[in-house]
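Data block below; observations after.
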Amino acid sequence: MKKWDLDFPDKRIISELTIKCGISSLAAAVLASRGYSSPESVMSSLQVSELSDPFLMKDMDIAADIINEAIDNGDKICVYGDYDCDGIMATVMLYSYLQETGADVAYYIPERKDGYGLNKDAVQAIANEGTKLIITVDNGISAIDEAEFIYSCGMRLIVTDHHQTGDVLPRAEAIVDPHRRDCFSPFKFLCGAGVVLKLIAALDGGDYTMALEQFGDLAAVATVADIVSLTGENRFIVSYGMNLIENTDRPSLEAMKSVCGLENKKIDSTSIGFGIAPRINAAGRFGSPKAAAELFLCEDPEEAFELAEELDHLNDKRKNAEAEIIREINSMIDADPTILHERVIFICGKNWHHGVIGIVAAKIVERCGKPCFIASEENNEIRGSARSVNGFSIFDSLKYCSEALVKFGGHPGAGGFTIKTGMVSEFNRLLKEFSLEYYKDMPDVIIKPDAAVSPIELQPECVKGISVLEPFGCENEKPLFYIKNAFVDSIVPIKNGLHSKLRLKFGTAYLNAFIFRVSPEELTIARGDYCDFAVSLDIYSSKGSDYVSAIIREYSKNSSETADICADGKLFEAFMRDEELTMAEYRKIFPVRNEVAAIYKRIPDEGISFESLFAKMKHDAVNYGKFSVAVEAMRQLSLISYTPSDQKIIRLKVNNKVDLMSAPVLLRLKNKIGSAHV
């Protein structure tokens with residue numbers, strides 16, 4: 001359960017922004033919700049029209065001089081990249097530029113199995129080829145030992161990176177990273193390809209014209225893919241690049257648009273983030289990142305299309321691997337529902353593809369609203385990835401569990417780790433211990449729509465006005481709108497049941513709304529229900545006319561009550577973990593016989609979702625904690641089957657009379673309270 005924040009902006013501010021900025025009421029409402037209260041603040045944020053001088057970045061002048069000198073001297077140069085989309089694009093950009101200048105240049109991108117960043121075996125191989133200068137892109141800032149090894153091999157090093165710096169910088173001729181403490185460039189949130197874009201401009205004397213025209217498209221793809229802040233200069237890079245992609249004659253992008261179904265369509269950050277970027281990343285996860293690099297270096301349309309199809313195939317393998325892992329995780333959860341009662345979710349499997357377990361962890365976080373740690377054992381090694389919710393630090397938790405780990409790394413939102421042999425149970429114990437000691441009250445996942453939308457605003461012209469806020473992404477998320485109490489007129493499967501399409505009636509308006517990667521059978525709402533929705537809005541064209549559609553991000557039958565529901569749910573889970581509650585809390589979640597019976601009688605023959613059944617008890621004074629206990633009691637007594645993975649409750653055939661209050665969960669709760677108080 002997620003908590004909904006339905007505190008919307010002052011209508012006077014919305015009205016002022018609408019009039020003075022000349023924008024739609026929906027766009028104004030989004031800006032007001034995000035803290036913009038004056039037309040001046042709106043303009044300064046949205047109208048970023050140029051990039052700052054590349055030479056404002058520390059060491060940029062030194063890097064440009066050394067590289068240009070190496071080109072003139074005919075020294076062999078190696079661009080050393082990374083296997084994700086940002087690293088691949090940065091590699092292609094710098095390698096292409098240097099090649100066009102006549103440089104003796106090669107590139108190297110490590111395979112995922114080789115690990116992130118510089119490694120000594122690769123460095124030695126590069127030295128053996130007669131290389132004089134290594135230039136890192138999207139890595140290198142933490143490669144202290146590897147940098148020394150580069151110099152011991154008789155080579156020089158230039159580091160270009162965008163990751164946070166440590167207390168010690170690597171040995172190098174120049175280190176270009178906006179996060180250096182002594183770097184005074186005004187914008188700090190570039191991705192690796194963004195830093196390379198500035199390096200190319202510096203190599204060309206500081207003018208961005210050539211760099212943007214030739215590489216603005218690739219920099220835009222990398223910026224969206226790397227989930228860096230889409231504010232400031234990144235807004236300019238992505239906006240400029242989206243234009244180039246939409247009108248591209250680059251064979252690689254033409255081929256990618258074709259396999260993604262983006263031909264003759266408007267390119268936005270969503271089509272990059274969910275279409276182009278995943279296919280590039282799939283190369284590093286399920287094939288070789290060199291396949292993606294070769295595609296973007298390719299100038300032959302036929303060859304480019306073949307390479308793009310290869311990436312598309314790898315992306316399908318990625319999706320299939322994710323789906324299989326999620327199926328296995330669902331089976332584990334259904335067999336042991338206590339997994340979901342913990343403060344953090346930890347699941348360990350076998351032979352799960354390490355390239356996707358981070359993605360799977362993020363999906364479990366999205367579904368369950370809790371930090372998630374997924375590990376997989378393969379070849380006697382247990383590696384994992386973790387994703388978090390706001391307010392819970394993955395890095396701190398891994399640090400606390402370090403005695404059970406071979407190695408770990410990350411930041412508050414995500415991390416990676418390797419568990420020592422035989423220490424899986426100990427890692428899980430330490431994880432629980434950490435979360436109890438430092439997060440006794442776990443942070444809630446907050447659903448905060450930017451604004452409530454009215455039926456009259458669901459018109460194409462009003463929704464089109466939201467586009468002034470593009471490009472959307474990190475720190476400028478696509479707006480969420482609140483639709484209150486809409487009637488679910490129909491639900492139909494699409495794409496062979498992989499997704500769901502809902503027809504909503506909202507006042508006098510009808511709206512087609514889509515839920516991706518959820519089949520109609522997996523929904524916890526049904527035709528005929530009234531429900532609240534948090535949606536993003538889009539425009540689609542059909543037969544020469546424009547229509548509004550929605551993508552459903554969240555839905556709830558009790559959105560205004562979710563704070564109480566979340567609190568009661570936490571009490572139930574704490575009780576299931578056998579943690580001590582107050583007497584008032586025990587009594588609050590104890591359902592009496594009549595309440596359990598009433599819940600049981602409300603279960604239809606065809607079954608019902610957990611949330612839908614709870615909604616039916618709304619007027620019976622049964623809170624979420626009582627309801628959860630009652631469902632667990634009925635499950636224990638085999639009165640129902642309940643599969644937590646899809647929240648489906650089905651009433652079972654019972655031949656003998658059953659004492660409802662004999663369920664172990666109720667006996668344990670009764671014992672805590674004392675029979676005199678029940």
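Things to note:
- Within segment 488-512, the set of residues being more than 18 Å from residue 554 (Cβ to Cβ) and open to solvent by 40 Å² or more (accessible area, probe 1.4 Å) comprises 489, 492, 493, 494, 495, 496, 498, 503, 505, 507, 508, 510.
- Residues located in segment 172-200, provided they are basic (Lys, Arg) and surrounded by 15 or more Cβ atoms within 10 Å (Cβ to Cβ): 180, 188, 198
- Given (1) polar (S, T, N, Q); (2) surrounded by fewer than 20 Cβ atoms within 10 Å (Cβ to Cβ); (3) under 30 Å from residue 535 (Cβ atoms), index of the condition residue 556 fails: (2)
- Check on residue 552, more than 30 Å from residue 621 (Cα to Cα) and in contact (Cβ under 8 Å) with a residue 12 or more places away in the chain: no
- Some residue of segment 157-175 being of a type in the set (D, E, K, R) and either in contact with a Gly (Cβ under 8 Å, 6 or more places away or on another chain) or closer than 21 Å to residue 234 by Cβ (or both): yes
- Residue list for segment 403-441, restricted to those being part of a helix (DSSP H, G or I) and free of Cβ contacts under 8 Å to residues at least 60 places away in the same chain: 403, 404, 425, 426, 429, 430, 433, 434, 437, 438
Quick grid of which residues meet (1) in a helix (DSSP H, G or I); (2) touching a residue at least 60 places away in the same chain (Cβ under 8 Å); (3) touching a Leu at 6+ places or on another chain (Cβ under 8 Å); (4) open to solvent by less than 20 Å² (accessible area, probe 1.4 Å):
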{"site": "139", "(1), (2), (3), (4)": "no, no, yes, yes"}
{"site": "145", "(1), (2), (3), (4)": "yes, no, no, no"}
{"site": "162", "(1), (2), (3), (4)": "no, yes, yes, yes"}
{"site": "202", "(1), (2), (3), (4)": "yes, yes, no, yes"}
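- Residues considered: 371, 412. Of these, the only one that is open to solvent by less than 30 Å² (accessible area, probe 1.4 Å), under 16 Å from the mean Cα position of the chain (by Cα) and not hydrophobic (A, V, I, L, M, F, W, C) is 371.
- Taking the conditions (1) modelled with pLDDT under 95; (2) surrounded by fewer than 18 Cβ atoms within 10 Å (Cβ to Cβ) in turn, residue 99 satisfies each one other than (1).
- Once segment 45-72 is narrowed to residues that are part of a loop (DSSP other than H, G, I, E, B) and hydroxyl-bearing (Ser, Thr, Tyr), the residue that is modelled with the lowest pLDDT is 49.
- Whichever residue in segment 73-91 is assigned to a loop (DSSP other than H, G, I, E, B) and of a type in the set (D, E, K, R) and, among such residues, is modelled with the highest pLDDT: 75
- For segment 455-487, filtered to residues that are open to solvent by 50 Å² or more (accessible area, probe 1.4 Å) and of a type in the set (Asp, Glu), the residue that is modelled with the lowest pLDDT is 475.
- If the condition is being open to solvent by 40 Å² or more (accessible area, probe 1.4 Å) and over 30 Å from residue 398 (Cα atoms), then segment 432-453 contributes only 452.
- Per-region count, segment 513-522, residues without any contact (Cβ under 8 Å) to a residue 40 or more places away in the chain, farther than 29 Å from residue 230 by Cα and open to solvent by 20 Å² or more (accessible area, probe 1.4 Å): 1
- Residue that is nearest to residue 525 (Cα to Cα), among those in segment 587-603 that are among the β-branched types (Val, Ile, Thr) and open to solvent by less than 60 Å² (accessible area, probe 1.4 Å): 603
- Residue in segment 543-565 that is within 30 Å of residue 660 (Cα to Cα) and in a loop (DSSP other than H, G, I, E, B) present: yes
- Residue in segment 214-233 that is assigned to a loop (DSSP other than H, G, I, E, B), open to solvent by less than 60 Å² (accessible area, probe 1.4 Å) and among the acidic types (Asp, Glu) present: yes
- Qualifying residue in segment 125-137 (condition: within 25 Å of residue 203 (Cα to Cα), at pLDDT 95 or above and assigned to a helix (DSSP H, G or I)): yes
- Residue selected from segment 523-543 under the condition over 30 Å from residue 645 (Cβ atoms) and aliphatic (A, V, I, L, M), by the criterion surrounded by the fewest Cβ atoms within 10 Å (Cβ to Cβ): 539
- Residue 94 being closer than 16 Å to residue 157 by Cα and modelled with pLDDT under 95: no
The values are calculated or read from the model by the stated rules, or taken from the named source; none is laboratory data. Treat the numbers as computed from the prediction; the structure is a model and nothing was measured. Note: ideal-geometry Cβ built from the backbone for every residue, glycine included; neighbour counts use all protein chains shown. SASA here: full protein model, heavy atoms, side chains in, ligands and nucleic acids out. Shrake-Rupley method; radii C 1.70, N 1.55, O 1.52, S 1.80 Å.
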